[in-house]
Amino acid sequence: FQFFWLSLNVWLFGKTFLLYNQGLQYYYLHQMLGLGLCVSRASASVLNLNCCLVLLPMCRVLLAFLRGSQKVASKKTRRLLDKSKTFHVTCGVTICIFSALHVAAHLVNALNFSENYSEEFVTLNAANYRGEDPRKLLFATVPGLTGVIMVIVLFLMCTASTYAIRVSNYDIFWYTHNLFFVFYMLLMLHVSGGVLKYQTNIEEHPPGCFNPNKTLQQNLTVPKAFEELFPDYTTEPFPEDLPVPEPFVQNSFMRVCSEEPKFQSHFPETWFWISGPLCLYCVERLYRYIRSNKPVTITSVISHPSNVLEVRMVKDDFEARPGQYVILHCPRVSALESHPFTLTMCPTDTKATFGVHLKVVGDWTERFRDLLLLHSNQDTEILPIFQQRRYPKLYVDGPFGSPFEESLNYEVSLCVAGGIGVTPFASVLNTLLDGWKCYKLRRLYFIWVCRDIESFRWFADLLCMLHNKLWQENRPDYINIQLYLSQTDGIQKIIGEKYQALNSRLLIGRPRWKLLFDDIAKCNRRKTIGVFCCGPNKISKILHKLSNSSNSYGTRFEYNKESFS
């Protein structure tokens, strides 16, 4: 996909380059600026397209609506929506690449405007006089100054989006990424300067034509043969025996005109490109703000092993589907910052409670945990209603769609989790516990890989309850549970007599993915299996490769992925 998008942008760059290189309306400007004009305008067209589209994947309400809408019935089309984050990143990288090209071209243009100042076509100049310092064009004009600031903003957003900074300090990434609004405001000012102009009267004044009125005003000698042609235009070749001064010769023929060239600044096309997506995004953010303006009621906070916190809440008229996620905002933790968390428990017809599990790994989650467990040293804190005022105000935005909503729409699904990546599947398992017969899913392979034994206790009770329920309903083959402990000093088991069913499914080491896929393909011949992964990129890449490989059983694997890296 990234290669296709890059190729499309290169094609657009090439087409625009040729337009400005060969277009007659840019003849005089091209004479002044050379290839700098073509490169700057071609890169600008690519930037317009990507600055327009980079916002659409961030319209989460729109994506959630399309995913849940009956109008998007195709599973393949819905899977394309899962690439929204990849598309956003691809557009961002494209913006960075072509911005660098755009800046380089305009640096050359600033120099050419100064050195090639036109005495003949004064309105075409961006400089005030020949030899003007190019730095004045960069720092003393609206297009130049806004361009410099945009480069700084884009540099901050680009560097803060790298994996190393996102992992080490997510706050830097979050705050710098919200500079996008400043970037777009500067962009709208940047294109309003009208520095580059095009000729509007091509028919009346073809580029390179002979203007007799101007020639007479300058007291230049006009060939007698030309006087017979005034004031009419001609495209006939000059007679071979007619002596013609060098300035009047162009490709062995001359067009005569009686009107000076007229130049006009381009209407800022960028406004057409970005106004729609920007307004759509702003309207959505306003809608999300209104929807999430009422705080939720926290019913319980549970501290799990390995620094994992479970928060259960209720909210009026809150509905969600298994696999979706919400965005939590706690003003006492941060006035502006908010973070997404996958729902591990969805509200149903019989209960309004929903919940999330969050791993304490950063500043925000640490402060949030300290506020929730400030008055409790126990692992579990469930307070009566009159004591719940001690909880900080918490606002929930969402829910929003994710690939895991499709896990119940396959006849067979393979769900692979790495560590805390099990959270999207927890809501699916909770939903199956309430009732599985109403869904298309008839067999679920659940693979969970953890580094320490205590991590399995996050959802050990849930897994055991679902296992026992299926045994009682005589469907023990409905779910195949495999737990892998990747790091251990010896034989271990999940402590507790009630976890005996899980202990028999606990394996030491890492899964042998190729054998696992072959075994699943053999047991499900000529079927389409949905593969869902939430975990480290290393596991994700292996599963993606195996899903795309063929097998001798006619089984087809469709890969879906969520990455929390």
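What does the extension gain come out to for L107 and R166, with contour length at 0.36 nm per residue minus their alpha carbon separation?
Extra length from L107 to R166 when fully extended: 18.0 nm.
I'd like the accessible area for K440: 1.4 Å probe, protein heavy atoms, all chains in place, Å² to the nearest 10.
For K440, the solvent-accessible surface is approximately 120 Å².
Which entries of K76/K351; K76/K522; K76/K545; K393/K538 have Cα-Cα distances beyond 29 Å here?
Long pairs (Cα-Cα over 29 Å): K76/K351; K393/K538.
Can you give the percent of C-alpha pairs in segment 390-540 whose distance is more than 19 Å?
Beyond 19 Å sits 56 percent of the P(r) for segment 390-540.
Report the residues of segment 411-427 in range of a label on I542: point 7 Å along Cα→C-beta, backbone N strictly under 13 Å from it.
Residues passing the 13 Å test: 416-419.
At N480 and M465, where each label point lies 7 Å from the Cα along Cα→Cβ, what is the point-to-point distance in nanometres?
The two pseudo-label positions are separated by 2.6 nm.
Relative to the present Cα-Cα distance, how much length would full extension add between K351 and L179 at 0.36 nm per residue of separation?
57.9 nm
What's the center-to-center distance, using Cα atoms, between segment 316-353 and segment 438-454 in Å?
If you average the Cα positions of each part, the centres end up 22 Å apart.
Highest first, please rank the peptides 458-466, 421-429 by the mean number of other Cβ atoms sitting within 10 Å of their residues.
Put in order of decreasing packing, that is 421-429, 458-466.
Gain in length, V142 to T200, computed as 0.36 nm per residue apart minus the alpha-carbon separation, to one decimal in nm?
Fully extending the segment from V142 to T200 adds 18.4 nm.
Under a plain spin-label model, where a point goes 7 Å from the Cα along Cα-to-Cβ, how far apart in nm are V89 and R556?
Result: 2.7 nm between the two label points.
Roughly to the nearest percent, how much of the accessible area of segment 51-158 is carbon and sulfur, given a 1.4 Å probe?
C and S fraction of accessible area: 70 percent.
The values are calculated or read from the model by the stated rules, or taken from the named source; none is laboratory data. Being a predicted model, the structure only gives us computed values, none of them experimental. Heads up, the Cβs are rebuilt from the backbone with ideal geometry, glycines too, and the neighbour counts pull from every protein chain shown. SASA here: full protein model, heavy atoms, side chains in, ligands and nucleic acids out. Shrake-Rupley method; radii C 1.70, N 1.55, O 1.52, S 1.80 Å.
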